[in-house]
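K.L.:
Questions regarding the structure given below will be posed in turn.
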Amino acid sequence: MKLCMVGTGYVGLVSGVCFSDLGNDVICVDKDKNKIDLLKKGKIPIYEPGLSELVSKNFKNKRLSFSTDLQKSVRDSDIIFICVGTPTKKGGSSADLSQIFNVAKEISTSINRFKIIITKSTVPVTTGDEIEKIISKKNSKKKFSIVSNPEFLREGEAIRDFTYPDRIVVGSDDSRSNRTLKNLYTPLISKGAQYLNTSRRAAELIKYASNAFLATKVTFINEIANLCEKTGINVEDISIGMGLDKRIGSRFLRAGPAYGGSCFPKDTKAIVSTAEKFKSNLSVIKSVIRSNENRSSTLLKRVHQILNNKIKNKIISFLGVTFKANTDDMRDSSSLIMIPHLSKRGAKIKYYDPTGIKKEFVNDRNVKYENSIKKAIEGSDLVIIHTEWNDFKSINFKNLSKKKKFIIYDLRNIYSSEKMKDQGFKYFSIGR
Ligand code: NAD
């Protein structure tokens, strides 16, 4: 079986490389020539732990190739995975499916034998039906099958998540496609992944419902953290106490900044929008979106309080600006709200992120990238630990505060409040 991944981003590249590592021939296609040229030279356009080694291993043994020629790659393949972006529509809240439909149109002109066409991108329920309509304009329905196989990997853990998934969801009622996909995924199923075969529409909705539920957990504990701060309770006790209940589970119950990234913000909005199209009211998810949108304001209010409402000319350093650790992804990171807010009010921002300088801040004269933790922290009035990189877990703050004492606001509860206070720091954290 020859596989073609259309869209060589976080999902297409990771799943393409992992499929090739399982012994399949994989062509990764992207319309971004720059990206493909980099990959052909063995350079990885994204930050994802372990990816570089896996790409070079499979590129060298010729199971993995890269191309910008979508039509030829489709003709040469048996299974085509659509992995392009589905961002929020500009000025709206529904998913912008233009990339998906453009790819579907291109595929429709390149079908030379039976193809299984799979959406791995996160797409609203009934998108598979639309893709089928587009492709059947130029092809008999006997020549192709449209399947939904949503991806659940997390950036930063993508290779592990792809290789050891909790579940593989395949939405199709075509027995030939189901047999082929079960074979393709057999190496993962034999390592313990649950294989779930559903209708195509159910598979599409499982992905959105899962993301909306996880976003709800994060938002829920963030609101509980607000209550803990007012009542002198440590939110971590609450997370542990709740998480021990098997019906609830402990994951995604860690209080912190607003959820961000390339999935939760856009997917929660898109599922609400889809529901409205079908005259259904997802009131729980709507309030999760509202609460999350307020989260950064809540944390900013706290920053104002910590600095006695004197923001102008204060030096504030951010440790980490990506939406989470182990990724370079800045999409919808809460730092994109917090840093401009503080900069507009006259603060001088310094930041350090292990994945380097960010284009999002280069035009702001009040914001400066520093290439080490030490340079970012020294001379600051306030240090905000924004992202939970391992690099930030054992900083010797005492040494760094010799020249000037600073306050610490730890949005990830990395440090012990007691120990920081014992060391003489004014230390603030979340929900404790
Ligand atoms: P991405 O933006 O990193 O990558 C998409 C790629 O598709 C880009 O490189 C773009 O150039 C390419 N592309 C767009 N149109 C194309 C075309 N016509 N031909 C060839 N290439 C084209 O996106 P991503 O983060 O990998 O997400 C892809 C999809 O997977 C989205 O629907 C997302 O919601 C879903 N998803 C993402 C994650 C994640 O952690 N990033 C996890 C699970 C699911």
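The values are calculated or read from the model by the stated rules, or taken from the named source; none is laboratory data. The model shown is predicted, which means the values in this text are computed figures rather than measured ones. Quick reminder, even Gly has a Cβ in these numbers, built from the backbone with ideal geometry, and neighbours come from all protein chains shown. These accessible areas exclude ligands, DNA and RNA; they are computed on the full protein's heavy atoms, side chains included. Shrake-Rupley method; radii C 1.70, N 1.55, O 1.52, S 1.80 Å.
K.L.:
From Tyr10, Tyr47, which residue is farther than 17 Å from Leu188 by Cβ, out of contact with any Phe, Trp or Tyr (no Cβ under 9 Å at 6 or more places or on another chain) and more than 9 Å from the ligand (Cβ to nearest atom)?
P.N.:
Tyr47
K.L.:
State whether one or more residues within region 286-299 are acidic (Asp, Glu) and over 19 Å from Glu157 (Cβ atoms).
P.N.:
Yes, that holds for at least one residue.
K.L.:
Can you tell me which residue among Ser98, Ser140 is small (Gly, Ala, Ser) and either under 17 Å from Lys31 (Cα atoms) or touching a residue at least 12 places away in the same chain (Cβ under 8 Å) (or both)?
P.N.:
Exactly one residue qualifies, and that residue is Ser98.
K.L.:
Counting only residues that are open to solvent by less than 10 Å² (accessible area, probe 1.4 Å) and more than 9 Å from the ligand (Cβ to nearest atom), which one in region 19-35 is farthest from Thr186 (Cα to Cα)?
P.N.:
If we take residues in region 19-35 being open to solvent by less than 10 Å² (accessible area, probe 1.4 Å) and more than 9 Å from the ligand (Cβ to nearest atom), then Cys28 is farthest from Thr186 (Cα to Cα).
K.L.:
Looking only at region 379-394, count every residue that is open to solvent by 50 Å² or more (accessible area, probe 1.4 Å) and either touching a Phe, Trp or Tyr at 6+ places or on another chain (Cβ under 9 Å) or aliphatic (A, V, I, L, M) (or both) and tell me the total.
P.N.:
2
K.L.:
To continue, here is another question. Could you please find all residues in region 41-57 being free of Cβ contacts under 8 Å to residues at least 60 places away in the same chain and within 25 Å of the chain's Cα centre (by Cα)?
P.N.:
Within region 41-57, Gly42, Lys43, Ile44, Pro45, Ser52, Glu53, Val55, Ser56 meet the criteria.
K.L.:
Just one of Val303, Val288 is away from the ligand (no atom under 16 Å from the Cβ), surrounded by 14 or more Cβ atoms within 10 Å (Cβ to Cβ) and over 20 Å from the mean Cα position of the chain (by Cα); which is it?
P.N.:
After ruling out the rest, the residue left standing is Val303.
K.L.:
Continuing with the same structure: Tell me which of these Arg63 doesn't satisfy, since it passes every other one: (1) closer than 29 Å to Phe114 by Cβ; (2) in contact with a Leu (Cβ under 7 Å, 6 or more places away or on another chain).
P.N.:
Of everything listed in (1) closer than 29 Å to Phe114 by Cβ; (2) in contact with a Leu (Cβ under 7 Å, 6 or more places away or on another chain), Arg63 misses just condition (2).
K.L.:
Which ones in region 168-184 are within 19 Å of Thr127 (Cα to Cα) and not in a helix (DSSP H, G or I)?
P.N.:
Within region 168-184, Val169, Val170, Gly171, Ser172, Asp173, Asp174 meet the criteria.
K.L.:
Can you tell me which residue among Ile117, Ile146 is more than 9 Å from the ligand (Cβ to nearest atom), touching a residue at least 40 places away in the same chain (Cβ under 8 Å), outside any helix (DSSP H, G or I) and crowded, with 17+ Cβ neighbours inside 10 Å?
P.N.:
Checking each option against the conditions leaves just Ile146.
K.L.:
Say whether the condition of being assigned to a helix (DSSP H, G or I) and over 21 Å from the mean Cα position of the chain (by Cα) is met by at least one residue in region 307-329.
P.N.:
Within region 307-329, none of the residues are assigned to a helix (DSSP H, G or I) and over 21 Å from the mean Cα position of the chain (by Cα).
K.L.:
Note down all Cβ pairs under 6 Å where the first residue falls in region 403-432 and is more than 20 Å from Ile349 (Cβ to Cβ), the second is part of a loop (DSSP other than H, G, I, E, B) and among the β-branched types (Val, Ile, Thr), and they're at least six residues apart or on different chains.
P.N.:
So the pair list comes out as Asn413/Ile430.
K.L.:
Quick one: how many residues across region 292-323 are of a type in the set (Lys, Arg), more than 19 Å from Gly431 (Cα to Cα) and out of contact with any Leu (no Cβ under 9 Å at 6 or more places or on another chain)?
P.N.:
So the count comes out to 2.
K.L.:
Would you be able to say whether some residue in region 169-183 is at pLDDT below 95 and in contact with a helix residue (DSSP H, G or I) (Cβ under 8 Å, 6 or more places away or on another chain)?
P.N.:
Within region 169-183, one or more residues are at pLDDT below 95 and in contact with a helix residue (DSSP H, G or I) (Cβ under 8 Å, 6 or more places away or on another chain).
K.L.:
How many of the residues in region 162-185 are surrounded by fewer than 18 Cβ atoms within 10 Å (Cβ to Cβ) and within 14 Å of the ligand (Cβ to nearest atom)?
P.N.:
The total comes to 2.
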